[in-house]
Amino acid sequence: MACSFLTTLLILCAVGSLRAQPFFAGERAKAEPECNALLYQVAARVDKLEKDAAEAAKAPVSFAAALVATQEWTHLGPFNTDTTLVFKNVITNVGNGYDSNTGIFTAPVRGLYFIVFNGNVGKSGSLNAAVIKNGINMFAIYDTQGTFSSATNGMPLVLEEGDKLWVTLWANQSIFDQSRLSTFSGFLLKSM
Ligand SMILES: *[C@@H]1O[C@H](CO)[C@@H](O)[C@H](O)[C@H]1NC(C)=O
């Protein structure tokens, strides 16, 4: 598409120059700067299209991590302060947005993401935890059906490049994991 447009323009410029020839030299001199200006515009458009196409061809950003890497039954909390959960067992990390040292997902590009958090109630018998964006509560789960029951929440979020997401376990709450029961995950639906 871009190529054929460029080709058409080149032909038009060439025809314009030819047509200018029978007239005095000044006509041609006038036509050339206009053609050059158009060519610059077209080159810029082609450049942008190529960049957009390269961006679209990239593997989509996605991440998934479970709370613990071990097969052992593992309880975290209750703690007496709000605590960032660090999901240690990375299963998917296309685009390297998720950091398993901090528990933070940093959006590599601006776009619409779908984010999901699932948690199993730990030994306090009460699980209340939230997905936080740059310090602001986006959505949460709450469950008191006894230890080992699970709750899930998820939603699409518009993230700016560099926005940070993590999961906070509120004070006095607890979470449990054993091999991918409690997970934090998300993927880019569309860059914007
Ligand atoms: C956590 O539990 C302690 C002891 O029961 C209580 O004093 C404190 O207010 C609780 N904190 C929250 C945030 O619920």
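Points worth noting:
- Counting only the Cα atoms, the range 62-191 fills a convex hull of 83 Å³ per residue.
- The range 62-191, dipole about Cα centre (Lys/Arg Cβ +1, Asp/Glu Cβ -1), debye to the nearest 20: 120 debye
- Each peptide among 113-122, 139-148 gets the average number of other Cβ atoms lying within 10 Å of its residues, and from highest to lowest they stand as 113-122, 139-148.
- Burial order of peptide ranges 64-72, 170-178 (average beta-carbon count within 10 Å, highest first): 170-178, 64-72
- Proximal lysines to K133, defined as alpha-carbon separation beneath 22 angstrom and excluding residues fewer than eight positions away on the same chain: K88, K164, K190
- Scaled against 2.2 N^0.38 Å for its residue count N, the alpha carbon radius of gyration of the range 145-192 is 1.47.
Read the figures in this text as sums done on the coordinates, not as results from a lab. Since the structure is predicted, the reported quantities are computational estimates derived from the model, not experimental observations. All Cβ positions, glycine included, derive from the backbone under ideal geometry; neighbour counts span all protein chains shown.
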